[in-house]
Amino acid sequence: MQKKKYLLPLIMLLIFEAVAVTLWLTKDNLFYLFNFSYIGISISLGLFLFIRKYKYARRIVQLLVGLYMLVYLGLICSENMQIEGFWYYLFTGVFEAATIHYAVAKIFGPLVFGRGWCGYACWTAMVLDFLPYKVPQRPRKKIGWIRYVAFAASLIFVSALFLAKVGNIERIMFFAFIIGNALYYGVGVALAFAFKDNRAFCKYICPITVFLKPASYFSLLRVKCDKEKCVSCGKCKKICPMDVDVTDNSRKRENGTECILCMECVKNCPKNALK
């Protein structure tokens, strides 16, 4: 029984290693072996530390993966890993960089690990999670439609560049990455303080969630409640940064596709009813 606890970190590592080796061999590029091996090791380390009840397990993964993608891939390698970069590579018909990243982490990956990207790898949330409102102080607002506007705006922006046959689009994508991140951080911090909720940006603005939410509905990894142990104290819902009702095991539970697998509910359940 003790050894079974460590199966999840091992399985996650094997999944990322399979992706790493497959892309390395099919694309004939050693970078993919390093890239996905590094991310897989980082995530597996975080899961291992969580099992060992280390308080900052998830935060370590956020920093390891988030800084790697923001600083190394984004700033040093000049790769736009934001949604504009995805549209750019998609329109050029190249299955590289952002298109691979989105396929693995945000389009097909959520079928396995839901919105784990948001909880463990997003470099925007990495910063926002350091703000003081880790538990939402106010009821969730019904303005999630803004994410679809942001999603459409990114698509229109990149489409316009291609339709206008603008030169040196790759350079424009790099500056779009810099400006886009500055806007994300600025808006994210402002909303966190305005709504007293660190994750307000994720709930209302982030365009990536348009990809993440549909597949997350079918996620294999999800928090489940043991009804026999649950005493309906409500602590899990109060502590959840995304307002998810984890006591409901159905796929249609309240804000079910918003779960970022942060495991705060699991850590704070007084009866160990959540797994």
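The values are calculated or read from the model by the stated rules, or taken from the named source; none is laboratory data. The structure displayed is predicted, hence computed values, not measured ones. Note that each Cβ is placed from the backbone with ideal geometry, even for glycine, and that neighbours are counted across all protein chains shown.
Taking segment 62-106 as the search range and keeping residues that are within 20 Å of the chain's Cα centre (by Cα), among the polar types (S, T, N, Q) and not in a helix (DSSP H, G or I), which one is farthest from Gly46 (Cα to Cα)? Before the answer, list the steps.
First, pick out the residues of segment 62-106 that are within 20 Å of the chain's Cα centre (by Cα): 62-75, 79-87, 96-106.
From what is left, the residues that are among the polar types (S, T, N, Q) are 62, 80, 82, 99.
If we keep only those that are not in a helix (DSSP H, G or I) as well, we get 80, 82.
Working: Asn80: 26, Gln82: 24 Å.
Looking at residues that are within 20 Å of the chain's Cα centre (by Cα), among the polar types (S, T, N, Q) and not in a helix (DSSP H, G or I), I get Asn80.
Is it the case that Pro136 is outside any helix (DSSP H, G or I) and surrounded by 19 or more Cβ atoms within 10 Å (Cβ to Cβ)?
yes
For every residue, the table says whether it meets (1) over 20 Å from the mean Cα position of the chain (by Cα); (2) surrounded by 15 or more Cβ atoms within 10 Å (Cβ to Cβ); (3) modelled with pLDDT under 95; (4) over 24 Å from Leu73 (Cβ atoms).
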| site | (1), (2), (3), (4) |
| --- | --- |
| Ala150 | no, yes, no, no |
| Ser154 | no, yes, no, no |
| Ala160 | yes, no, no, yes |
| Lys165 | yes, no, yes, yes |
| Tyr184 | no, yes, no, no |
| Ala200 | no, yes, no, yes |
| Lys227 | yes, no, yes, yes |
| Gly234 | yes, no, yes, yes |
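Sort out which residues of segment 47-99 are charged (D, E, K, R) and farther than 27 Å from Arg171 by Cα, and write them in order of number. First the steps, then the outcome.
Our first condition is that a residue be charged (D, E, K, R); within segment 47-99, this holds for 52-53, 55, 58-59, 79, 84, 96.
Within segment 47-99, Arg52, Lys53, Lys55, Arg58, Arg59 qualify.
Would you call Lys252 assigned to a helix (DSSP H, G or I), among the charged types (D, E, K, R) and either free of Cβ contacts under 8 Å to residues at least 60 places away in the same chain or assigned by TED's automatic domain parsing to the domain that holds Leu90 (or both)?
When the stated conditions are applied, Lys252 does not pass them.
When you scan segment 13-22, do you find a residue that is out of contact with any Gly (no Cβ under 9 Å at 6 or more places or on another chain), part of a helix (DSSP H, G or I) and in contact (Cβ under 8 Å) with a residue 24 or more places away in the chain, even just one?
Looking for residues that are out of contact with any Gly (no Cβ under 9 Å at 6 or more places or on another chain), part of a helix (DSSP H, G or I) and in contact (Cβ under 8 Å) with a residue 24 or more places away in the chain, one finds none in segment 13-22, hence no.
Can you pull out the residues in segment 107-120 that are outside any helix (DSSP H, G or I) and either out of contact with any helix residue (DSSP H, G or I) (no Cβ under 8 Å at 6 or more places or on another chain) or crowded, with 21+ Cβ neighbours inside 10 Å (or both)?
Of everything in segment 107-120, those that are outside any helix (DSSP H, G or I) and either out of contact with any helix residue (DSSP H, G or I) (no Cβ under 8 Å at 6 or more places or on another chain) or crowded, with 21+ Cβ neighbours inside 10 Å (or both) turn out to be Gly109, Gly114, Arg115.
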